[in-house]
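Derivation of every value follows stated rules applied to the coordinates shown; laboratory data play no part. Bear in mind that the values here come from a model prediction, so they are computed numbers and not experimental data. Positions of Cβ are backbone-derived with ideal geometry, glycine not excepted, and every protein chain shown enters the neighbour counts.
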Amino acid sequence: MNAKNLSSLDLTTSKEKSKIHSFFEDCVKSLKEPDRKIPQILMMQEILKRGIGVHHSGVLPIIKEMVEMLFQNGLVKLLFATETFAMGVNMPARTVIFDSVRKHDGRDIRNLLPAEYIQMAGRAGRRGSDKEGTVIILCKGKVPSSLELKDMMMGKPNQLKSYNIMQRKSTFFLRTKRHDDGQT
């Protein structure tokens, strides 16, 4: 994990460390005593106090929520995250770094889709605070071609497809429900 490799990096003041420690302790009080010793909890406590956070689908929900709140309050200075962090929440950052422009989608490893790239890169630059944002793409392996990068950055996002097909029963139920609620 990238965050663990930064054991010498400390981005917080002693006052910020104290705030993070108090917040973390208050949050984990709701957990049973043995659960407070789960390796992920202990590791996150260690890196969060240094201003480093991690947010992805494998992180416990309580930890994700703590990371989001600490980030919003400016106490997480460096965040390693997947696009789940960027979805539907106003979480702007000064700089967004992609450690890869490829992802596993459950079946294959593929390049990010334009909408995925825009969703994450669009977090760079805090409205009202920054004149511009910075997006950095690290190339640890094969360097994507300029065409691949252009397609990802400038391509047209995929159309959303609805899989909700209205049937007569559904329409009847909705009309009946509206009538039962006193609506016309």
Listed with the fewest Cβ neighbours within 10 Å leading, His104, His55, His21 appear as His104, His21, His55
Once the other residues with Cβ under 14 Å from the Cβ of Gly74 are scored (Lys, Arg +1; Asp, Glu -1), what is the net sum?
-> +3
In square nanometres, what is the average projected area of the Cα convex hull of the range 4-180?
-> 16.6
Rg and Dmax of the range 25-102, Cα atoms only, in Å | 12.9, 40
Given the Cα-Cα distance of Asp108 and Arg126 and 0.36 nm per residue of separation, how much length would full extension add, in nm?
-> 3.1 nm
In nm, what is the difference between 0.36 nm times the number of residues separating Lys4 and Ser146 and their Cα-Cα distance?
-> 47.9 nm
Give the relative contact order (percent, whole number) for the range 4-180; include only Cα pairs under 8 Å separated by 6+ residues.
-> 16
Set Lys29/Lys49; Lys17/Lys131; Lys64/Lys142; Lys4/Lys140; Lys103/Lys142; Lys131/Lys156, cut-off 20 Å on Cα-Cα distance; pairs above it are Lys17/Lys131; Lys64/Lys142; Lys131/Lys156
Residues whose modelled amide H sits under 5 Å from the amide H of Val54, counting only those 5 or more places away in sequence or on another chain, are Phe80
